[in-house]
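Engineer: Please find one structure pasted underneath; my questions will follow.
The values are calculated or read from the model by the stated rules, or taken from the named source; none is laboratory data. Computed from a prediction, not measured in an experiment: that's the story for all the values here. Backbone-built Cβ (ideal geometry, glycine too); neighbour counts: all protein chains shown. Accessible surface is based on the protein model in full, side chains and every heavy atom, while ligands, DNA and RNA are left aside. Shrake-Rupley method; radii C 1.70, N 1.55, O 1.52, S 1.80 Å.
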Amino acid sequence: MANAWKRESSKQPKHLSPALLLLSLPLVLLLFLFFFNARSPLNLPHSTLYVPQVYPIPPFDCLKSPQAHPVVANIVENLKYPFLYSLSDFGSLPDKPHKNIVRLLKGKPFRKPDISATIQQLLEGMKGRNGLVVDVGANVGMASFAAAVMGFKVLAFEPVIDNLLRICDGIWFNRVADLVTVFEAAVSDRIGNITFYKLVGRLDNSAVSATGAKLAFKSNEEIALQVRTIPLDELITDSEPVLLLKIDVQGWEYHVLKGAVKLLSRKKAEAPYLIYEEDERLLQASNSSAKEIRDFLLGVGYSHCVQHGTDAHCTKAY
């Protein structure tokens, strides 16, 4: 038995019969096609296929930005198209956790912000239409993600880095990197830089006006920052359809609108549905007024505005 391996190795190798070879060829071809398609760009994720538009300012790069640790997220309650929200404010742990952390520990979802529900209700009637949702003053992305999870492409503008990082969290959690483009900038009526005021310990209520930033939280210290400004008309081309424009910039709304005069002057079928915050105290802190905004909007054709709390919803009648 010691030389058995020599006897086995001396045997002639077996050849496949012609019939078996012919039967195996289709199987080999199918396997080849399967692996070829698996490696083809046509089967890559949508985000890999997406070719970003070239903008006059670069979008914020979430992959290169620092992130908070740990990152905790919770689902937003009672939305038809739910999404995850990054819970960045932990409160004074362990004695006084933030109310959203308490809800999370109790197994409850994040309390629904009104803007998320409003955005989804409006966009429900626009499904199937091609166009952007533009979120000016995106804060932590509640309006942006409400639109993105419905499949709409979003341009979001936010100048405060703390808020930008929360948006980046949400982009990852909700898998919408191919739909949400973020800009670290304040939207205004001219290109340049402007002093911006951020309240210490808060992600909301930052504003161009120091007075406007502190209206609701007078005890918080504000920090002055230099931020980039850009008009929407410099960034959105005439051929780019826009379905919805949402503006919440703590009293700087008039300047945002003036920088979007070409966009807002489009004919009714192409003009965006407009939502903007109309808080007279904040507007006056930035040296404008609700009347000044309404007169401007009337001049570009937005003759129909309805108040919803502190938000105005405007459309063109003709």
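Engineer: Compute the label zone of residue 262 within the stretch 232-249: residues whose backbone N is under 17 Å from the point 7 Å along Cα-to-Cβ.
Structural biologist: Flagged as within label range: 232-243.
Engineer: Run through the stretch 112-194 and list the chymotrypsin sites (Phe, Trp or Tyr not before Pro) located in a DSSP loop whose Cβ has at most 12 other Cβ atoms within 10 Å. Please report the intermediate quantities before stating the final value.
Structural biologist: Details: sites: 145, 152, 157, 172, 173, 183; in loops: 152.
Sites meeting the loop and neighbour criteria: none at all.
Engineer: Please compute the length gained on full extension between residue 237 and residue 270, using 0.36 nm multiplied by the number of residues separating them and subtracting their Cα-Cα distance.
Structural biologist: Details: separation 33, 0.36 × 33 = 11.88 nm, distance 1.28 nm.
Going from the current span to full extension adds 10.6 nm.
Engineer: Taking a ≥ b ≥ c as the square roots of the Cα gyration tensor eigenvalues, with a/c under 1.5 meaning rounded and otherwise prolate when a/b beats b/c, else oblate, which class fits the stretch 78-168? All intermediate terms of the calculation are to be shown ahead of the outcome.
Structural biologist: Numbers: a/c = 3.24, a/b = 1.65, b/c = 1.97.
Oblate, because a/c is 1.5 or more while a/b does not exceed b/c.
Engineer: Still on this structure, please answer the following. Check which residues have an amide H placed less than 5 Å from residue 183's amide H, if you skip close sequence neighbours.
Structural biologist: For residue 183, the qualifying residues are 60, 156, 157, 158.
Engineer: Going by a ≥ b ≥ c, the root eigenvalues of the Cα gyration tensor, does the stretch 227-318 fall in the rounded group (a/c under 1.5), the prolate group (a/b larger than b/c) or the oblate group?
Structural biologist: On the way: a/c = 1.88, a/b = 1.23, b/c = 1.52.
Since a/c reaches 1.5 but b/c is at least a/b, the shape of the stretch 227-318 is classed as oblate.
Engineer: In sequence order, what are the phi-derived ³J(HN,Hα) couplings for the stretch 303-317 according to the Karplus relation 6.51 cos²θ - 1.76 cosθ + 1.60 with θ = phi - 60°, rounded to whole Hz, with x for glycine and proline?
Structural biologist: 9, 10, 10, 10, 8, 10, x, 8, 9, 10, 10, 10, 9, 9, 8
Engineer: Same structure, new question: State in Å² the accessible area per residue of the stretch 122-181; use a 1.4 Å probe, count heavy atoms of protein chains only, and round to the nearest integer. Can you show the working numbers first?
Structural biologist: Working: 1740 Å² over 60 residues.
Here the residues of the stretch 122-181 average 29 Å² of exposed surface.
Engineer: Now for a different question. Could you tell me whether the stretch 274-315 comes out rounded, prolate or oblate from its Cα gyration tensor? Rule is a ≥ b ≥ c as square roots of the eigenvalues, rounded for a/c under 1.5, then prolate if a/b exceeds b/c, otherwise oblate.
Structural biologist: Numbers: a/c = 2.83, a/b = 1.32, b/c = 2.15.
Oblate, because a/c is 1.5 or more while a/b does not exceed b/c.
Engineer: Here is a follow-up. Any idea how far apart residue 289 and residue 75 come out in nm if each label point goes 7 Å out from Cα toward Cβ?
Structural biologist: Result: 4.8 nm between the two label points.
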